[in-house]
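Student: Before I ask anything, here is the structure I am working with.
The values are calculated or read from the model by the stated rules, or taken from the named source; none is laboratory data. Everything numeric here is computed off the predicted structure, so don't read it as measured data. Neighbour counts are summed over all protein chains in view; Cβ atoms, including those assigned to glycine, are modelled from backbone coordinates with ideal geometry.
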Amino acid sequence: MKHEAISAPGPEQAGVRTGFWKDSLRDYGLLFSLLVIMGFFYFLTDGISLAPLNVTNLILQNSYVVIMALGMLLIIVGGNIDLSVGSTVGFVGAIAATLMVGFHLQFLGLDTDIKVPWEPVIVIALALGAAIGAAQGYFVAFSKIPSFIVTLGGMLIFRGLTGNMLLGQFVGPFPKSFQNISSGFIPDFGDFDFLKPLTGDSNFHWGSMLVGIIGAAVLIYTSVRRWSRSRAQAMDTEPFVLFIGKNAIFALLILFFSYQLASYKGLPEVLIIMGVLILIYAFVTTRMTIGRRIYALGGNRLAAQLSGIRTERLTFLTFVNMGLLAGLAGLIVAARLNSATPSAGQSFELDVIAACFIGGASASGGVGKVMGVVIGAFVMGVMNNGMSIYGLGIYWQMVVKGIVLLSAVYVDVYQKSKG
């Protein structure tokens, strides 16, 4: 009777598995760090940092960071930087506020008061943000001026224009429907009269919890389907243990945050906006040609040019995209504050850039993922929130954030040198 020898995994197979573990530790180490930071501040603040009210505020306060970080990711991946996003937020918010509240116009014999409804103001603000991005993108892409210099000038210009426009005054308030962009919540079952007998007087928002359950189920279904298809086609797949653990953590996080939000007021409208944008940019960066070209641009500009990629136009479009998202963030900030202020958007660029680098984007370009940047933004948000609740001084908070940012960039440089 012949016995077949069972061959041990070859060096190539072992190398593939080792590579998967290394890549996964790099990609999901940040998620583990977020969980550790959340746990640390949970015990440090006696559970206050993860209370339903605080979780809701965490999302409302960091929505603009996540939204702008999506645009900044493409800028950094393409090998550039944008220091003007905070000033753009303040300037767009000031323009939107002036249009909604109303102003007196005297021009070429015209003497009238003008007040614009909030719906067209949103379109105007987004177009203005895109125009600012286009102007800066033109100088960077076609005039070959370094992005650091162009956007540093933009930061000073738009901060100065905002100050001259508002003259130290707050402009507001705004219509309630406009404020809902930042502070509104999606309707729940109990908000409809015909469903009130089913929900009673409970303060728990079952609709928000149901959205979370569906989201976790969709995540698991799509992940299992993709993993199974890869195995069926004899493609390299991540180890089963890692696959199960990763998806279990993501699903539990979705359910936990959904429960906390449902225990307070439900899902914020800005969370829906943020979620849709995350899905769009994840699809663009992983599935579309333009996304792959941006990574090629940042990885090796000369090789990208030789392969036929129009690098100038691509750089220009990344700045237009950044301006558009900065305009959206300006509307969200103005709606949250219910006014435009001269200091709105101050230092936002630091939080956005830090979120990208903490989330795994490389300072030299060509590297970065959407989910990494989102997690990086929430790392910054959880730290800011936790340190504020604990009562740590504002200057010590700056020290801590600076150390975290420096550590993240050091890890990136170290990994490249080892690679």
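Student: When the range 335-377 is examined, which residues are found to be outside any helix (DSSP H, G or I) and within 20 Å of Leu161 (Cα to Cα)? Talk me through it step by step, then tell me what you get.
Tutor: Filtering the range 335-377 for residues outside any helix (DSSP H, G or I) gives 338-347, 359-369.
Hits for the range 335-377 are Ser339, Ala340, Thr341, Pro342, Ser343, Ala344, Gly345, Gln346, Ser347.
Student: I'm checking my understanding of the structure. Among residues of the range 329-381 that are of a type in the set (Val, Ile, Thr) and assigned by TED's automatic domain parsing to the domain that holds Gly172, which one is farthest from Met398 (Cα to Cα)?
Tutor: Selected residue: Ile332.
Student: Given the options Ala354, Ala335, Ala326, Ala296, name the one that is more than 29 Å from Val92 (Cα to Cα) and not aromatic (Phe, Trp, Tyr).
Tutor: Ala296
Student: Still on this structure: Hey, any hits in the range 390-407 for a residue that's small (Gly, Ala, Ser) and buried (at least 22 other Cβ atoms within 10 Å of the Cβ)?
Tutor: no
Student: Quick check: is even one residue across the range 280-290 under 19 Å from Leu53 (Cβ atoms), at pLDDT below 90 and over 17 Å from the mean Cα position of the chain (by Cα)?
Tutor: no
Student: Select the helices (runs of 4 or more DSSP H) contained entirely in the range 204-302, then report the ones holding at least 1 residues which are aromatic (Phe, Trp, Tyr) and without any contact (Cβ under 8 Å) to a residue 40 or more places away in the chain.
Tutor: On the way: elements: 206-232, 240-262, 269-287, 289-299.
Output list reads 206-232, 240-262, 269-287.
Student: I'd like to check something: does the range 136-150 contain any residue that is closer than 21 Å to Ile181 by Cβ and either touching a Phe, Trp or Tyr at 6+ places or on another chain (Cβ under 7 Å) or outside any loop (DSSP other than H, G, I, E, B) (or both)?
Tutor: no
Student: Residue by residue through the range 358-373, note down the ones that are within 10 Å of Leu73 (Cβ to Cβ) and either surrounded by 22 or more Cβ atoms within 10 Å (Cβ to Cβ) or without any contact (Cβ under 8 Å) to a residue 12 or more places away in the chain (or both).
Tutor: The answer is Gly359, Gly360, Ala361, Gly368, Val370, Gly372, Val373.
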